[in-house]
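Asks: Before we start, here is the structure in question, set down as structure tokens.
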Amino acid sequence: MCLKNNKNKLLSLLIVSFVSLPASAGLVIPKGVPEQDIQGGTLLIIILSILCLILLGIATYGMVRFKRYQRAMLNSDQRLNFSLWASGDEMWDWHINEGKLFRTNSRGTYPLSNVNPNVFPPNKQYIHPGDIERVRTKLANHISGNTDAFECVYRLRDKEGWRWVLDKGRIVIRSDRGKPVRMTGIFKDIQKLKTAESELEIFAKSIENISEGVIILDPQLNVVHVNPGYSKITGYLPEEVLGEKLHLTSLSSTLIHEIKRDVDSHGSWRGDITGQNKDNSMFLAYITANCIRDKDGKISNYVAIVSDTTRRKTAEAKLLKLASTDSLTKLPNRNVFFSNLQTCVDKKVPTAVLVFDLDDFKKINDSLGHQLGDILLIEIAKRIKPITNNLNTLYRLGGDEFALIMEKTNDISAVTAAAKQILKKLSTPFRIDKHEFVVAGSIGIVLYPDDGKQPETLLRNADTAMYHAKEGGNRYLFFSEDMNKKAVKRLQVENLIRLGLKEDYFQVYYQPKMSFSDGTLNGMEALVRFITPKNGLVSPGTFIPIAEETGQIVEIGDLVLRKACIDMKRWLDEGIIRGRVAVNLSARQFNLPDLMQRIDRILHETELDPHHLELEITEGTVMNNAKHAIETMHQIRDRGIHLAMDDFGTGYSSLSYLRKFPLNTLKIDKAFVDDADSDFGKAMIDTIVTIARNLGLSTVAEGVETNEQKAFMTEMECDVLQGYLYSKPLSAVEFSQFAMMDKMTTAKLPYEETA
């Protein structure tokens, strides 16, 4: 017992000493301990020391391994964080039974808030509504074991909005019964990829749907891709050309290599080509060729855009032909005439120009219709064209006007021979639609460079010569300086008319009309007077024919009608006149499509009652197109306006038409009144008055200047007389005075003072 206790003490002491002392320290043995006990304890101590050393080594090794594990885990987390940060991906961990969803990214792992375990998919609130069903279906298929993995592309919401992601996952833990317990996965932000994919898809669809053909070639000019547009243009399907050389068989190898050389050098080539279709038909195309280079600057592909220009080029050719060809006669038109004449001038070669038209062609159009007139022009072109050759070209300038350019000649005999030949061909009767026409022409001739240095001057001078040739009819005239002076005078008058309309140089004068029954003022005729500040009075015989030709007569006619209505309304309001004011309508005015609107507007503006207006028209005006004239005249009469036929008996009136015209008055021309002292004149006046009386029309004798003429007209019972015997045309102020004197006088004497 004592020994046992000693041993225990010794062991405790040794342990304490072993632990507390360094290995190099000696052992101190208490006194009174037996030696054998000491030896046994020493052995025990040694054994225990060895065991302690072993345990200490194991602990140290475990500690080292633990630290290594900690370090490896730290490095693994860092690598994971770095990987997620670098890739932009996120991991997710779904604890299905617990209804928890964790996300791991470069910032760490965190649970997804507001996850409802009863909602499927668990992140439904973050998925785009349009993608939820697709995600749900694919996720359900994987959970049920129908697919090895879950993979889906959809839109996920973040702070910046909706972004496309690629989501992949797999069940990693199932229960003993096979139910999914845990699922992990990763999703990648593919917004940029999706955008690029969308752009590529749009680009691809654009290429596939554009009408132009697109060809992509490799560096050896083998076809690697064509779009449907190429197949539509060339007829070749993609499978027929892929891997083959370029199928534009009409292109020579030389041209192809030239195109390639330009593209290699400059990066592009553009130009028109003619291609051959699969069915051997030809097509026109505009090619744009470019090259694509890789990052090293080497050409990886060639791209060519083929635009089919067949229709456009054909249309352009047609338009060019239309622009240079007269649509009716198929002759070169006015534009080509000027262009070719300019070429002659530029080359300074002697040239003769013959310009001609038909005499009285308007009567043919008005009497038989424009359609028959057009046929006549076509036949004229056919008849005269055979006299042309390489140096002589026939043109239609417009209307019934033609021109012949004779290049490299100023020979008078050759030019006159051509002119005579044209006149001869024109004078030969034409038979069209059971009608026979004998037409005459007038030709004006100019010579370059004598009669002008520019095409415009030459044509103007030729027109001048032609205009003077018409005075004799069916002849030709060479241009002279005297003709030019007359043409210049005409142009001056035309410009003066234009200025007069602008500056109000046109005035209205009134010639009184006296009643046969009581000799009082019955009305008046409005007459236009052109009075300029510098040139004074311009004769109506000078400016009216020019105004008729230029169309300025329409504006003059409106001006006269408006002023006459204004004056008449004032005189009626003042009570100094009764009857009507008569205003002449020119042929151009009468044939205006908006004539009635013009008349209505003026009557409305001036507030004149239509019953106080009379319009005068000539025989020629109404007989040019009798049917149209009757319709227009009825429209005038329906408004209460009176109608008078001026210069009756001087034209070619038809009595059958005369009875259809809704007239009120026939005016006996001054020529018959002047001839009243002859048997023929008396007979004509008697006939006109008789016709008027039988038709229920009143008569007006104009130009009465003598008492003998007045007496005869009284004997013939002419209703109204006007002329210098009573008064010359008076200004508005003068006519007011005349009307007031007439009103105050019960018995009117001839107004000889103004005769």
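Asks: Starting from segment 92-104, take each residue that is on the phi > 0 side of the Ramachandran plot and list its partners that are modelled with pLDDT under 80 and of a type in the set (A, V, I, L, M), counting only C-beta distances under 9 angstrom and pairs at least six apart or across chains.
Replies: Note: pairs meeting the criteria are Gly99/Val115.
Asks: Would you mind stating whether Thr288 is among the polar types (S, T, N, Q), over 30 Å from Glu548 (Cβ atoms) and open to solvent by less than 50 Å² (accessible area, probe 1.4 Å)?
Replies: Criteria met by Thr288.
Asks: Can you report the number of residues in segment 367-379 which are open to solvent by less than 50 Å² (accessible area, probe 1.4 Å) and part of a helix (DSSP H, G or I)?
Replies: Counting residues in segment 367-379 that are open to solvent by less than 50 Å² (accessible area, probe 1.4 Å) and part of a helix (DSSP H, G or I) gives 5.
Asks: Kindly establish whether Gly472 is open to solvent by less than 40 Å² (accessible area, probe 1.4 Å), part of a loop (DSSP other than H, G, I, E, B) and not hydrophobic (A, V, I, L, M, F, W, C).
Replies: The answer is no for Gly472.
Asks: State all residues of segment 385-404 that are part of a helix (DSSP H, G or I) and surrounded by 13 or more Cβ atoms within 10 Å (Cβ to Cβ); if no residue qualifies, say none.
Replies: Lys385, Ile387 - these are the residues of segment 385-404 that are part of a helix (DSSP H, G or I) and surrounded by 13 or more Cβ atoms within 10 Å (Cβ to Cβ).
Asks: Look through segment 153-181, keep the residues that are under 13 Å from Met91 (Cβ atoms) and open to solvent by 50 Å² or more (accessible area, probe 1.4 Å), and return whichever of them is nearest to the chain's Cα centre (by Cα).
Replies: Here the residue is Lys168.
Asks: Still on this structure, I have one more. Identify all residues within segment 554-573 that are more than 20 Å from Val720 (Cβ to Cβ), touching a residue at least 24 places away in the same chain (Cβ under 8 Å) and acidic (Asp, Glu); write none if there are none.
Replies: If the condition is that a residue be more than 20 Å from Val720 (Cβ to Cβ), touching a residue at least 24 places away in the same chain (Cβ under 8 Å) and acidic (Asp, Glu), then Glu555, Asp558 are the ones that fit.
Asks: From the list Tyr110, Tyr69, which residue is farther than 29 Å from Thr195 by Cα, of a type outside the set (Lys, Arg), at pLDDT below 80 and in a strand (DSSP E or B)?
Replies: Matching residue, one of Tyr110, Tyr69: Tyr110.
Asks: Would you mention how many residues in segment 405-434 are in a strand (DSSP E or B) and modelled with pLDDT under 90?
Replies: 3
Asks: Would you check if Leu643 is in a strand (DSSP E or B), at pLDDT 90 or above, open to solvent by less than 20 Å² (accessible area, probe 1.4 Å) and closer than 24 Å to Gly523 by Cβ?
Replies: Yes, satisfied.
Asks: Of everything in segment 698-745 that's assigned to a helix (DSSP H, G or I) and among the small types (Gly, Ala, Ser), which residue is most open to solvent (accessible area, probe 1.4 Å)?
Replies: Top of the filtered list is Ala711.
Asks: Which of the residues spanning segment 435-467 are assigned to a strand (DSSP E or B), open to solvent by less than 30 Å² (accessible area, probe 1.4 Å) and out of contact with any Ser or Thr (no Cβ under 7 Å at 6 or more places or on another chain)?
Replies: Of everything in segment 435-467, those that are assigned to a strand (DSSP E or B), open to solvent by less than 30 Å² (accessible area, probe 1.4 Å) and out of contact with any Ser or Thr (no Cβ under 7 Å at 6 or more places or on another chain) turn out to be Phe437, Gly441, Ser442, Ile443, Ile445, Val446, Leu447.
Asks: Which of the residues spanning segment 315-334 are at pLDDT 80 or above and either within 22 Å of His225 (Cα to Cα) or open to solvent by 70 Å² or more (accessible area, probe 1.4 Å) (or both)?
Replies: Across segment 315-334, the qualifying residues are Ser327, Lys330, Arg334.
Asks: Among Gly473, Gly444, which is the only one that is modelled with pLDDT of 90 or more and within 21 Å of Leu397 (Cβ to Cβ)?
Replies: Exactly one residue qualifies, and that residue is Gly444.
Asks: Continuing with this model, one more query. Out of Lys382, Lys408, report the one residue that is over 37 Å from the mean Cα position of the chain (by Cα), open to solvent by 50 Å² or more (accessible area, probe 1.4 Å) and on the phi > 0 side of the Ramachandran plot.
Replies: Of the residues listed, the single one that is over 37 Å from the mean Cα position of the chain (by Cα), open to solvent by 50 Å² or more (accessible area, probe 1.4 Å) and on the phi > 0 side of the Ramachandran plot is Lys408.
Asks: Here's something else I'd like to know. Which residues, taken from segment 496-522, are open to solvent by 40 Å² or more (accessible area, probe 1.4 Å) and either at pLDDT below 90 or part of a loop (DSSP other than H, G, I, E, B) (or both)?
Replies: Listed by number, the residues that qualify are Asp504, Tyr505, Phe516, Ser517, Asp518, Asn522.
Asks: Quick check on Gly229: is it assigned to a strand (DSSP E or B), closer than 23 Å to Thr314 by Cβ and small (Gly, Ala, Ser)?
Replies: no
Asks: Tell me the residue from Arg261, Arg312, Arg270 that is open to solvent by 70 Å² or more (accessible area, probe 1.4 Å), of a type in the set (D, E, K, R) and not in a helix (DSSP H, G or I), please.
Replies: None of the others qualify; the one that does is Arg270.
Asks: Looking at (1) farther than 23 Å from Leu499 by Cβ; (2) assigned to a helix (DSSP H, G or I); (3) in contact with a strand residue (DSSP E or B) (Cβ under 7 Å, 6 or more places away or on another chain), can you tell me which one Ala564 breaks?
Replies: (1)
Asks: Another question, then. Of all residues in segment 674-700, count the ones that are closer than 17 Å to Ala582 by Cβ and not small (Gly, Ala, Ser).
Replies: So the answer is 3.
Asks: While we're on this one: In segment 273-308, what count of residues is obtained for those that are outside any strand (DSSP E or B) and within 19 Å of Tyr236 (Cβ to Cβ)?
Replies: The total comes to 5.
Asks: Moving to a separate point now. Name the pairs: first residue in segment 533-553 and more than 16 Å from Asp504 (Cα to Cα), second residue among the charged types (D, E, K, R) and at pLDDT below 90, Cβ to Cβ under 8 Å, at least 6 apart or on different chains?
Replies: Final answer for the pair search is Ile546/Arg490; Ile546/Glu494; Glu548/Arg588; Thr550/Glu494; Gly551/Arg588.
Asks: So, one more: Kindly list, by first and then second residue, each pair from a residue in segment 256-284 that is polar (S, T, N, Q) to a residue that is assigned to a helix (DSSP H, G or I), limited to pairs with Cβ atoms under 7 Å and residues at least 6 apart or on different chains.
Replies: Asn277/Thr234
Asks: Considering only segment 126-142, state which residues are in contact (Cβ under 8 Å) with a residue 12 or more places away in the chain, open to solvent by 40 Å² or more (accessible area, probe 1.4 Å) and not in a loop (DSSP other than H, G, I, E, B).
Replies: If the condition is that a residue be in contact (Cβ under 8 Å) with a residue 12 or more places away in the chain, open to solvent by 40 Å² or more (accessible area, probe 1.4 Å) and not in a loop (DSSP other than H, G, I, E, B), then Tyr126, Arg134, Arg136, Lys138 are the ones that fit.
Yes or no, residue by residue, for (1) open to solvent by 10 Å² or more (accessible area, probe 1.4 Å); (2) of a type in the set (A, V, I, L, M); (3) at pLDDT below 90:
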residue: Val583; (1), (2), (3): no, yes, no
residue: Asn591; (1), (2), (3): yes, no, yes
residue: Met596; (1), (2), (3): yes, yes, no
residue: Asp609; (1), (2), (3): yes, no, no
residue: Leu613; (1), (2), (3): no, yes, no
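Asks: Would you be able to say whether some residue in segment 661-679 is more than 60 Å from the chain's Cα centre (by Cα), open to solvent by 50 Å² or more (accessible area, probe 1.4 Å) and touching a residue at least 12 places away in the same chain (Cβ under 8 Å)?
Replies: yes
Asks: If I filter segment 523-563 down to residues being open to solvent by less than 50 Å² (accessible area, probe 1.4 Å) and out of contact with any helix residue (DSSP H, G or I) (no Cβ under 9 Å at 6 or more places or on another chain), which single residue comes out as farthest from Gly703 (Cα to Cα)?
Replies: Ranking the candidates gives Gly536 first.
The values are calculated or read from the model by the stated rules, or taken from the named source; none is laboratory data. It should be emphasised that the depicted structure is a prediction, and the values quoted were computed from it without experimental measurement. Because the Cβ atoms are built from the backbone with ideal geometry, glycine has one as well, and the counts that use them run over all protein chains shown. With ligands, DNA and RNA removed, areas are computed over all heavy atoms of the protein, side chains included. Shrake-Rupley method; radii C 1.70, N 1.55, O 1.52, S 1.80 Å.
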